[in-house]
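Single-structure report; data block below.
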Amino acid sequence: MADAVKVPAEDLAKYDLSSRSAKGHRTQIREALGFRPATRADEEWLTGWLADEVCPVELVEDRLREALLVQCRSDRIEPPGRIERIVAAARARADRVFCAQTVARLGGVCARRLLDLVAEGNEDGTALLASLKLDPGAVGLDSLLTEITKLTAVR
């Protein structure tokens, strides 16, 4: 950057980015390049776009962030300062949509049976899935009967 504006790097490091002059310079740069500041509406749109278009096919957070920056550049929008929040919101929205679509495809009977696997209601107060994962313990009649009970529950 220092080479681009033809100043020593040390002088550029002293530049106060929060000063009124810096804000004015950013405005001039945006105008010269044809960009505009991001609005809350832009952030909402970017969150939806990212959730609908990118999150279903991309799981790596750095790539999601890069896709967001490319879209901002394409739309001539200055990247918002809340990029991490937008990426997190888009991922959460995409996850909710994915889960809802998956449950809808399962059907009522299958979804209910899956919920029964994680519902707490066994004799020992744990969910069936949690009890299935428990170590059977020492070999003996009691552990054998417990494992038979688990097998029956799974069937």
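The values are calculated or read from the model by the stated rules, or taken from the named source; none is laboratory data. The model shown is predicted, which means the values in this text are computed figures rather than measured ones. With ideal geometry, Cβ positions are generated from the backbone for all residues, glycine too; neighbour counts draw on all protein chains shown. Calculation scope for accessible area: heavy atoms of the full protein, side chains included, ligands and nucleic acids excluded. Shrake-Rupley method; radii C 1.70, N 1.55, O 1.52, S 1.80 Å.
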- prompt: Taking only pairs six or more apart or across chains, which ones have beta-carbon atoms under 8 Å, a first residue in region 132-150 that is more than 19 Å from Leu117 (Cβ to Cβ) and open to solvent by less than 80 Å² (accessible area, probe 1.4 Å), and a second residue that is modelled with pLDDT under 85 and not in a helix (DSSP H, G or I)?
  reply: Ser143/Pro136; Ser143/Gly137
- request: Answer yes or no as to whether Ala94 is of a type in the set (Gly, Ala, Ser) and modelled with pLDDT of 85 or more.
  value: yes
query: Consider Phe98 against the criteria (1) under 30 Å from Pro37 (Cβ atoms); (2) part of a helix (DSSP H, G or I): it satisfies all of them except one. Which criterion is unmet?
result: (1)
- prompt: Residues of region 11-48 being open to solvent by 80 Å² or more (accessible area, probe 1.4 Å) and touching a strand residue (DSSP E or B) at 6+ places or on another chain (Cβ under 8 Å), which ones?
  reply: Arg36
message: Please go through region 131-146 and give me each residue that is in a helix (DSSP H, G or I) and either farther than 25 Å from Cys110 by Cβ or in contact with a Gly (Cβ under 8 Å, 6 or more places away or on another chain) (or both), ordered by number.
response: Leu141, Asp142, Ser143, Leu144, Leu145, Thr146
- request: Go through Ala104, Ala89, Ala32, Ala51 for me and flag whichever is closer than 27 Å to Leu128 by Cα and not acidic (Asp, Glu).
  value: Ala104
message: I'd like the residue in region 49-95 that is assigned to a loop (DSSP other than H, G, I, E, B) and in contact with a strand residue (DSSP E or B) (Cβ under 8 Å, 6 or more places away or on another chain) and, out of all such residues, is farthest from Thr39 (Cα to Cα).
response: Arg76
message: Kindly evaluate Arg105 against the criterion of being of a type in the set (Lys, Arg) and surrounded by fewer than 14 Cβ atoms within 10 Å (Cβ to Cβ).
response: yes
task: Collect the residues in region 64-92 that are under 12 Å from the mean Cα position of the chain (by Cα) and open to solvent by 70 Å² or more (accessible area, probe 1.4 Å), keeping them in residue-number order.
output: Glu84, Arg85, Arg91
